[in-house]
């Protein structure tokens with residue numbers, strides 16, 4: 001049975017850092033997917049970039065982008081989701097990842113504004129692949145529905161578990177799958 005984990009945390013909890021550390025701990029070319037990163041100018045957050053695990057990077061959202069859509073003060077460039085995020089979730093990208101593992105940062109309002117991305121995530125969570133995705137702690141119909149699924153484990157990222165979590169997840173994801181493998185507590 002595939003491992004399906006949602007790392008839930010508040011903004012600034014370290015979700016992206018934990019996911020990037022997890023990716024770095026895995027053997028090369030083990031995972032497909034993407035991460036996001038803040039763009040800061042003079043210490044102030046002005047946007048976000050999206051970077052695939054294969055190294056392609058573009059600005060996803062920025063205060064200077066007009067949108068639509070707008071998420072808070074940021075205009076979101078949905079074409080970045082279509083050019084970078086979606087190809088990293090397609091079966092060909094996953095097949096190239098020897099571990100059949102997909103890492104997604106994050107299932108947030110900016111990313112979920114892209115209908116094709118939401119559809120790809122639904123397909124991905126139905127596929128025979130391991131998935132680790134970060135989600136915000138806010139209520140959202142899409143992520144709330146995922147959290148209610150019996151086959152998905154929600155791990156709350158906290159200051160107490162965030163430093164050791166990437167190593168624990170890496171060890172768990174590198175073990176061969178067994179039907180009896182049950183979710184471990186973090």
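Evaluate segment 40-48: report whether one residue or more is surrounded by 17 or more Cβ atoms within 10 Å (Cβ to Cβ) and closer than 22 Å to residue 136 by Cβ. Lay out the reasoning, then the answer.
Taking segment 40-48 first, the residues surrounded by 17 or more Cβ atoms within 10 Å (Cβ to Cβ) are 47-48.
Now narrow it down to the ones that are closer than 22 Å to residue 136 by Cβ: 47-48.
Yes, the conditions are met somewhere in segment 40-48.
Here the condition is being under 16 Å from residue 99 (Cα atoms) and modelled with pLDDT under 90; of 185, 174, it holds for 174 alone.
When segment 55-68 is examined, which residues are found to be in contact with a strand residue (DSSP E or B) (Cβ under 8 Å, 6 or more places away or on another chain) and either assigned to a strand (DSSP E or B) or under 15 Å from residue 20 (Cβ atoms) (or both)? Correct list: 57, 58, 59, 60, 61, 62.
Candidates 40, 4: the one that is more than 24 Å from residue 80 (Cβ to Cβ) and modelled with pLDDT of 95 or more is 4.
Cβ-Cβ contacts under 7 Å between residues 6 or more apart (or on different chains), taken from a first residue in segment 20-35 that is at negative phi and surrounded by fewer than 17 Cβ atoms within 10 Å (Cβ to Cβ) to a second residue that is modelled with pLDDT of 90 or more and outside any helix (DSSP H, G or I), are absent.
Yes/no per residue for (1) in contact with a helix residue (DSSP H, G or I) (Cβ under 9 Å, 6 or more places away or on another chain); (2) modelled with pLDDT under 95:
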{"site": "92", "(1), (2)": "no, yes"}
{"site": "103", "(1), (2)": "yes, no"}
{"site": "110", "(1), (2)": "yes, yes"}
{"site": "140", "(1), (2)": "yes, yes"}
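In segment 73-100, the residues that are touching a residue at least 12 places away in the same chain (Cβ under 8 Å) and at positive phi reach residues that are surrounded by 13 or more Cβ atoms within 10 Å (Cβ to Cβ) and in a helix (DSSP H, G or I) with C-beta atoms within less than 8 angstrom, at least six apart or across chains, in these pairs: 100/94.
The values are calculated or read from the model by the stated rules, or taken from the named source; none is laboratory data. Since the model is a prediction, treat every value here as computed from it, not as a measurement. Note that each Cβ is placed from the backbone with ideal geometry, even for glycine, and that neighbours are counted across all protein chains shown.
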